[in-house]
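Some notes on the structure that comes next.
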Amino acid sequence: MTEIHNGNGGLNGKGLALVPRSEAKQTLKDFKSDQEVRWCPGCGDYAILAAVQSFLPELGLKRENIVFVSGIGCSSRFPYYLNTYGIHSIHGRAPAIATGLAASRPDLSVWVITGDGDSLSIGGNHLIHALRRNVNLNILLFNNRIYGLTKGQYSPTSEVGKITKSTPMGSLDKPFNPISLALGSEASFVARTIDSDRKHLQGVLREATAHRGASLVEIYQNCNIFNDNAFEALKDPATRDDITVKLEHGQPIVFGTGDNEKAVRLSPTGGVEVVRRADIADSEILIHDAHNPDPSVAFALSRLDDPAFEHVPIGIFRSVDRPAYDQLLNEQVDTAIAAKGPGSLAGLLHSGDTWQIN
Amino acid sequence: MTKQVQQLDRVIIRFAGDSGDGMQLTGDRFTAETAQFGNDLSTLPNFPAEIRAPAGTLPGVSSFQLHFADHDILTPGDAPNVLVAMNPAALKANLSDLPRGADIIANTDEFTKRNLTKVGYDGNPLEDDSLAEWRLHAVPLTSLTVKALEGFDVSKKDAERAKNMFALGLLSWLYNRPTEGTLAFLEAKFAKKPEIAKANIAAFQAGWNYGETTESFSVSYEVKPARLKAGVYRNISGNLALAYGLVAASVQAKLPLFLGSYPITPASDILHELSRHKRFGVRTFQAEDEIAGVGAALGASFGGSLGVTTTSGPGVALKAETVGLAVATELPLVIVDVQRAGPSTGMPTKTEQTDLLMAMFGRNGESPVPVLAPATPADCFHMAVEAARIALKYRTPVMLLSDGYLANGSEPWRIPEVDELPDISVEFATEPNGEDGTTYLPFQRDPDTLARPWAVPGTAGLEHRIGGIEKADGSGNISYDPDNHDRMVHLRQAKIDGIDVPDLAVDDPDGDARVLVLGWGSTYGSIAAGVRRARAAGHKVAQAHLRHLNPLPANTGEVLRAYDKVLLPEINLGQLAMLLRARFLVDVISYNRVRGLPFKAEELAGVISDVIGDVIESD
Ligand code: SF4
């Protein structure tokens, strides 16, 4: 039987240090459930599922200590297809439900699967608070910039002017930039990747799972039914290298090929700017520092994508060390027990003024 | 001079003043002294929702009523025998509740022209004849306090603020209360400010001495201790009892308690209290909103904790979707609704029983949920344990309906021995339950309780997925099969209908009453006191009180049909009456008043005798 302790000892571990490890070697097959996958053929979700299924054995965790929690939307079917514990919950609430689970069970690897509508519209409040609290969660935000399951209304990441069933004359509201939002929410780990680049996706997951606390991974995901080719510019060999800005910690931020090679430097207005590589000295090129305690430059980098798809940074924007919520919560329990011993129910009931009647 | 001491069997005192005058604290202290002395007692705090309403105004009046007696009592009392009025607003707001001949102790210092005009007095009621029908004791409480504190190292403001302790001292003398508890309390409360502690103690003693020497009070009173069942007692409010009940449930279930909650009046004190009990492994999580509070609690339940969320009506409205998810996933969860006056924001500090139908039905789909309601402040303890028992045994969300009156009201409570408490521990699933010996079927039910197995993450071989989508009976896989859905809807309902609930007990001393008074929740005290009065007036009347509202006790229909008339007082527009009529086709007579206050015993005694009169007349 699983022991659930009332007190949890000091939790100074990092990443998945508190999650029990599997003795047996695992393969992709161990993580496939017997359920038939029901996304539309060609949906980007398939690629992400395959990437996650083939990545999980690498972690070497006990399968029974992994939990996937999702909200509502196409992507939220994800937990059904993984042979781990899982909850397919209600719209927008996965971060809240996962918070209770992760806060009470530091021995679990808890994943949140959500979409742009689920996490940025109906569940926006829960997302920002889970990030600010630094709950020990891996949050995968599948961003397809559209509502899929409800058949094609614009989402909070759709571009202004999006023509959809609910916006025949074009959408009016400015979209969220999920990376900017996460950084503004005090997130300790923020990254972006793309469904079509398995290597990059798995690389980001590797870092996200090694991070103890909340990690937010935005995954550009193609919805081929309602918003096909939304990220085509990042996939088309003719354009991708000229607009994709791969962020790598400790490396100068340069991208593009040949005559088009570009670099990022600090701009005089306090942000960052893209310039022709040839026009500046090496010393001027911004070196990416994901561990910078100050999130300003990471935020500036997240704005490079405005206007959309002129240049799109992918990779890890920010990865800083900060105590996770469950750790702090359990430390308080441990401190209270260490100070006065475990609670006695009879003692509690008799606390304060009492009197005897004979 | 030794003054005469007069014996009384019961007294009702109301302390009233400005929100900033410390009336709740004064009332609490007097209550503690009275409990210590061994009287039975019942209290009713009544305060504005505003933290500090404008000083000296009617909306800013805060009061605390205490009823104590040498016998067992049931309510905070209908009408005070004594009103302590700290200012003109307190007098004006409370005078209409005061029967002729009652004592009024008024702080003359506050009856200034400006304060009188503020509440619409043309003249000074302490000086004209308008209070002639009451016994007025005009006492300059503020200036006497300031004078008593001359020579103490405190500011004038702090000296003035001690006037409530002067008043407490005076009342403590008047009713011969023990004082050690209050002195110790003041020492402890102001431990970091010894000068303030000394000043408050001096003010308290000055009040006592004033009573002893002034001619304004010629007699003092004594109310002998009550003869209660032997045991160790403490005074307890409903919110405190509920918090203790949740801790007890966690201990008796051997599961850690996880509370997800968002601050809301009048439930926040449960969150405050539980946050102090980390030594019991209690984890409290102040969420970003009501929805996250219940969501986190449900997530913790999935992980094997006792998940609880506490709120009031507006919060229950927001939590509805998550409660529905708990119904669908069949996970244990306790939802505490400390009901308050609605709709919408309503009157947050006032009591009501208006959330019963929301608790029963306020979700989409067929979504049955057990509903319980404590009858008295102390009963909140036992019903919290009972709510957890049902939630854990049947893997279901449970609604526990307290209310503002129970939450803040208090009464003496005989502290139970821990081994008197039920063992509510559960066993998690540890082995596959499929016929093949390897598969785990998360929705294969226990044939007796219809509860599904509870396998928590970390249990090897039982990995499974649950969620809000309809599941196939047994396997729990997603299913849109029409007959499966029909079966699951019926199974979920049958599980709740089959919960083991004790029979409804009827109090009918001679067994020949023809009228039954039925109640639920916090109206217990008022109804029982009304029944006592009716019986004292020679009427025959039976009483029964429901603490389980869903499912109802199995004998409910039989009890209802055994009487010519069933009277059901509710602080709503007849919500339980609607359920009983629909279910049992019994023409229940509703009595409904929704004033944000408990019923008065006399009011109910009148209604009872009217109904009995009708029965006799129709013979
Ligand atoms: S609607 Fe779009 S996102 Fe949803 S499954 Fe189909 S392709 Fe994927």
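The values are calculated or read from the model by the stated rules, or taken from the named source; none is laboratory data. For clarity, every value in this text was computed on a predicted model and none was experimentally measured. All Cβ positions, even for glycine, are placed from backbone atoms using ideal geometry, and neighbour counts span all protein chains on display. To get the accessible areas, we keep the full protein, side chains included, count just its heavy atoms, and leave off ligands, DNA and RNA. Shrake-Rupley method; radii C 1.70, N 1.55, O 1.52, S 1.80 Å.
Contact map, segment B:384-403: residues that are more than 11 Å from B:Glu330 (Cα to Cα) paired with residues that are part of a helix (DSSP H, G or I) and aromatic (Phe, Trp, Tyr), Cβ distance under 8 Å, separation 6+ or inter-chain. Pairs shown: B:Ala384/B:Tyr244. All of B:Thr349, B:Thr284, B:Thr354, B:Thr309 fail the test of being outside the structural domain of B:Val489 (by TED's automatic domain parsing), modelled with pLDDT under 95 and among the hydroxyl-bearing types (Ser, Thr, Tyr), apart from B:Thr349. B:Arg227 - would you say it is more than 28 Å from B:Asn39 (Cβ to Cβ) and within 31 Å of the chain's Cα centre (by Cα)? Judged against the criteria, B:Arg227 is not a match.
Within segment B:19-56, the set of residues being among the aromatic types (Phe, Trp, Tyr) and either in contact with a Gly (Cβ under 8 Å, 6 or more places away or on another chain) or buried (at least 24 other Cβ atoms within 10 Å of the Cβ) (or both) comprises just one member, B:Phe30.
Please go through segment B:328-365 and give me each residue that is open to solvent by 10 Å² or more (accessible area, probe 1.4 Å), of a type in the set (A, V, I, L, M) and within 12 Å of another protein chain (Cβ to nearest Cβ), ordered by number. The one that is open to solvent by 10 Å² or more (accessible area, probe 1.4 Å), of a type in the set (A, V, I, L, M) and within 12 Å of another protein chain (Cβ to nearest Cβ): B:Ala328.
Considering only segment B:244-265, I want to know if a residue exists there that is assigned to a loop (DSSP other than H, G, I, E, B) and of a type in the set (Val, Ile, Thr).
At the first step, the residues of segment B:244-265 found to be assigned to a loop (DSSP other than H, G, I, E, B) are B:254-256, B:262-265.
After this cut, where a residue has to be of a type in the set (Val, Ile, Thr) as well, the list is B:264-265.
Yes, segment B:244-265 has at least one match.
Those helices (runs of 4 or more DSSP H) of segment A:196-284 in which 2 or more residues are among the aliphatic types (A, V, I, L, M) occupy A:198-210, A:232-235.
Examine segment B:264-285 for a residue that is open to solvent by less than 30 Å² (accessible area, probe 1.4 Å), at the interface with another protein chain (Cβ under 9 Å from one of its Cβ atoms) and closer than 24 Å to B:Gly342 by Cα, and state whether such a residue exists. No, because not a single residue in segment B:264-285 is open to solvent by less than 30 Å² (accessible area, probe 1.4 Å), at the interface with another protein chain (Cβ under 9 Å from one of its Cβ atoms) and closer than 24 Å to B:Gly342 by Cα.
For segment B:494-506, which positions are out of contact with any helix residue (DSSP H, G or I) (no Cβ under 8 Å at 6 or more places or on another chain) and closer than 10 Å to B:Pro370 by Cα?
Step one: list which residues in segment B:494-506 are out of contact with any helix residue (DSSP H, G or I) (no Cβ under 8 Å at 6 or more places or on another chain), which gives B:494, B:497-498, B:500-503, B:505.
Scanning segment B:494-506 gives a single hit, B:Asp497.
When restricted to residues that are touching a residue at least 40 places away in the same chain (Cβ under 8 Å), closer than 22 Å to B:Leu306 by Cβ and of a type in the set (A, V, I, L, M), segment A:99-115 contains 4.
Okay, residues lined up against (1) without any contact (Cβ under 8 Å) to a residue 60 or more places away in the chain; (2) farther than 30 Å from B:Gly231 by Cβ:
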{"position": "A:Phe299", "(1), (2)": "no, yes"}
{"position": "A:Ala308", "(1), (2)": "no, yes"}
{"position": "A:Asp321", "(1), (2)": "no, yes"}
{"position": "A:Asp326", "(1), (2)": "no, yes"}
{"position": "A:Thr335", "(1), (2)": "yes, yes"}
{"position": "A:Ala346", "(1), (2)": "yes, no"}
{"position": "A:Asn358", "(1), (2)": "yes, no"}
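Would you be able to say whether some residue in segment A:52-70 is more than 16 Å from the ligand (Cβ to nearest atom), at pLDDT 95 or above, open to solvent by 50 Å² or more (accessible area, probe 1.4 Å) and not in a helix (DSSP H, G or I)? Looking for residues that are more than 16 Å from the ligand (Cβ to nearest atom), at pLDDT 95 or above, open to solvent by 50 Å² or more (accessible area, probe 1.4 Å) and not in a helix (DSSP H, G or I), one finds at least one in segment A:52-70, hence yes. Note on segment A:271-288: residues that are open to solvent by 70 Å² or more (accessible area, probe 1.4 Å) and within 30 Å of the chain's Cα centre (by Cα) total 1.
Search segment A:71-94 for residues being part of a helix (DSSP H, G or I) and at the interface with chain B (Cβ under 8 Å from one of its Cβ atoms), and hand back the single one that is nearest to the ligand (Cβ to nearest atom). So, considering only residues that are part of a helix (DSSP H, G or I) and at the interface with chain B (Cβ under 8 Å from one of its Cβ atoms), the one nearest to the ligand (Cβ to nearest atom) is A:Tyr80.
So which of B:Lys92, B:Lys147 ends up being within 16 Å of B:Ser19 (Cα to Cα), modelled with pLDDT of 95 or more, open to solvent by 60 Å² or more (accessible area, probe 1.4 Å) and in the same structural domain as B:Arg14 (by TED's automatic domain parsing)?
Values: B:Lys147 fails: within 16 Å of B:Ser19 (Cα to Cα).
Exactly one of B:Lys92, B:Lys147 is within 16 Å of B:Ser19 (Cα to Cα), modelled with pLDDT of 95 or more, open to solvent by 60 Å² or more (accessible area, probe 1.4 Å) and in the same structural domain as B:Arg14 (by TED's automatic domain parsing), namely B:Lys92.
Taking segment B:1-22 as the range and being modelled with pLDDT of 95 or more and assigned to a helix (DSSP H, G or I) as the test, no residue passes.
Could you grab me the full set of residues in segment A:229-240 that are buried (at least 16 other Cβ atoms within 10 Å of the Cβ) and either farther than 21 Å from A:Ser180 by Cβ or more than 16 Å from the ligand (Cβ to nearest atom) (or both)?
From segment A:229-240, those buried (at least 16 other Cβ atoms within 10 Å of the Cβ) are A:230-231, A:233-235, A:240; that's our starting set.
Across segment A:229-240, the qualifying residues are A:Ala233, A:Leu234, A:Lys235, A:Arg240.
Counting only residues that are within 7 Å of another protein chain (Cβ to nearest Cβ) and among the polar types (S, T, N, Q), segment A:334-358 holds 3 of them.
Might you let me know whether segment A:315-330 holds any residue that is open to solvent by 30 Å² or more (accessible area, probe 1.4 Å), more than 9 Å from chain B (Cβ to nearest Cβ) and more than 23 Å from the chain's Cα centre (by Cα)? No, there is no match, as no residue in segment A:315-330 is open to solvent by 30 Å² or more (accessible area, probe 1.4 Å), more than 9 Å from chain B (Cβ to nearest Cβ) and more than 23 Å from the chain's Cα centre (by Cα).
Looking only at residues of segment B:444-461 that are facing chain A (nearest Cβ under 7 Å) and in contact with a helix residue (DSSP H, G or I) (Cβ under 7 Å, 6 or more places away or on another chain), we find that the one that is nearest to B:Val327 (Cα to Cα) is B:Pro457. Of the listed requirements (1) at pLDDT below 95; (2) within 16 Å of the ligand (Cβ to nearest atom), A:Glu23 misses just one: (2).
If you scan segment A:187-201, which residues turn out to be within 13 Å of the chain's Cα centre (by Cα) and among the charged types (D, E, K, R)? So that I can check it myself, show each step before the final result.
The initial filter retains those residues of segment A:187-201 that are within 13 Å of the chain's Cα centre (by Cα), namely A:187-194, A:201.
Within segment A:187-201, just A:Arg192 meets the criteria.
Going by the conditions given, is B:Gly474 touching a residue at least 40 places away in the same chain (Cβ under 8 Å) and surrounded by 13 or more Cβ atoms within 10 Å (Cβ to Cβ)? Before you say what the answer is, go through the steps one by one.
Values: touching a residue at least 40 places away in the same chain (Cβ under 8 Å): no; surrounded by 13 or more Cβ atoms within 10 Å (Cβ to Cβ): yes.
For B:Gly474, the condition - touching a residue at least 40 places away in the same chain (Cβ under 8 Å) and surrounded by 13 or more Cβ atoms within 10 Å (Cβ to Cβ) - is not met.
The set of residues in segment A:204-228 being of a type in the set (Val, Ile, Thr) and away from the ligand (no atom under 15 Å from the Cβ) consists of A:Val204, A:Thr209, A:Val217.
Give the residue, chosen from A:Asn144, A:Asn177, A:Asn136, A:Asn125, that is of a type outside the set (Gly, Ala, Ser), in contact with a helix residue (DSSP H, G or I) (Cβ under 8 Å, 6 or more places away or on another chain), open to solvent by 10 Å² or more (accessible area, probe 1.4 Å) and within 16 Å of the ligand (Cβ to nearest atom). Exactly one residue qualifies, and that residue is A:Asn144. If I filter segment B:460-467 for residues that are farther than 30 Å from B:Val611 by Cβ and touching a residue at least 60 places away in the same chain (Cβ under 8 Å), do I get at least one hit? Yes, segment B:460-467 has at least one match. Tell me, yes or no, whether segment A:160-172 has at least one residue that is under 24 Å from the mean Cα position of the chain (by Cα) and either within 15 Å of the ligand (Cβ to nearest atom) or buried (at least 19 other Cβ atoms within 10 Å of the Cβ) (or both). No; the residues of segment A:160-172 include none that is under 24 Å from the mean Cα position of the chain (by Cα) and either within 15 Å of the ligand (Cβ to nearest atom) or buried (at least 19 other Cβ atoms within 10 Å of the Cβ) (or both). The requirement of being farther than 18 Å from B:Asp337 by Cα, among the basic types (Lys, Arg) and open to solvent by 10 Å² or more (accessible area, probe 1.4 Å) is fulfilled somewhere in segment B:408-426, by at least one residue.
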